Structures are given as C-alpha cells and as structure tokens.
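Read through the structure below, which is laid out as structure tokens, and then see the notes.
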Amino acid sequence: MSLNILFITRDDLVKRTPFGGNIQPEKLIPHVKTAQDKHMLPILGTVLFEYLQQIIAANTVSGIYEELLDDYIKDTLVHYTAVEALPFLSYTFANSGVVRNVGETSNAPTKVEIDFLLDKELQSAQFYAQRLRDFLIAKSPTQIPQYYQATGDSREVYPNRGVQYYTGWNI
C-alpha cells in the first residue's frame, strides 16, 4: 500500500524538465503521484517502493538509497511525470466544467505538436528507466536487497526487470 510519499518535488520537475517555474504545484502533484504509481512501482516493485517511501518519510535516506533516488529515480520520474502532465496543463477543471486556458499573446499548440512533445518525453523517460533498471540489477541483491525481496502478498507488484533476452535454440 502506497504511503503517498512522493519521490520528487516541484523543484525537481522545474530543474530537470522543460516545465517553467511559473507552473502551480497543484497542477503537477497529481501527475507526479500518477507517474509514480503507474511507472515507478512496476520498475521498483512493492517492497523497494514502500521501503523508499518509509525512509523518505523518516528522513533517513543515505548511502546507496540516496544515490538511487538522486541519480536514477528522480531522472526517470520527472520525465514520466511530464508524459502524464502535458496533456492536462492547458486545462482547468472547475464546477462549471473543463476550461482551456490560452494566454492573450499565445497560441495553443496543435495535437501533432503535443504528441511530438509527449513522444520526446516518453523517450527520455524510457532511457532513464533503463538506466534505473541496470543500476538496480547491478547493485542487487547485496546493496539493495529489497529489489529481490517478496512478501508473498497477492497485491504485491514484482519488479519489471526490463527486456528478457532469448537467443533461440541452441543445439
């Protein structure tokens, strides 16, 4: 069960993505949570995911886990958050319905332009996700044992360790 502790901040998004500093945090935070649950949980698995949330909440992140968060998870998560957020940033959801926000001196991008940006962010996210998987495999099970642990709970998500190679028949 998720503790609703986020692995990144708004500042991480502003510093590591094309998002500007004038985006309101309440427009980004729901997408961070979505990206974390949809993309990071399957990469990390439930045991490591929840362990990271616990040490973040306790403010005891250090050593290999600090490296994991700062150098791998944050890079991956900011780009997956951008993928989740981009389609929604120009819209406001209000009691009166959905409103599209367009500035007085700006033009709304076309769907093709938005799809191009989404594709570029997805490519970046997938690149960093592979680096994250490679790091976890290289450091597990000795330095990050939670990556290979399982609790036996039927609701548990096991880590997706990436591409499995098959060489065909060997005679």
What is the number of the single condition among (1) of a type in the set (Val, Ile, Thr); (2) farther than 18 Å from Ile5 by Cα; (3) buried (at least 19 other Cβ atoms within 10 Å of the Cβ) that Val47 does not meet?
(2)
Take the residues in region 3-31 that are closer than 25 Å to Glu67 by Cβ and more than 14 Å from the chain's Cα centre (by Cα), then tell me which one is most open to solvent (accessible area, probe 1.4 Å).
Lys15
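The values are calculated or read from the model by the stated rules, or taken from the named source; none is laboratory data. All values reported here derive from a predicted model rather than from experimental measurement. Counting neighbours? That spans all protein chains shown, and the Cβs are built from the backbone with ideal geometry, glycine included. Side chains are part of the model used for accessible areas, which takes the heavy atoms of the whole protein and leaves out ligands, DNA and RNA. Shrake-Rupley method; radii C 1.70, N 1.55, O 1.52, S 1.80 Å.
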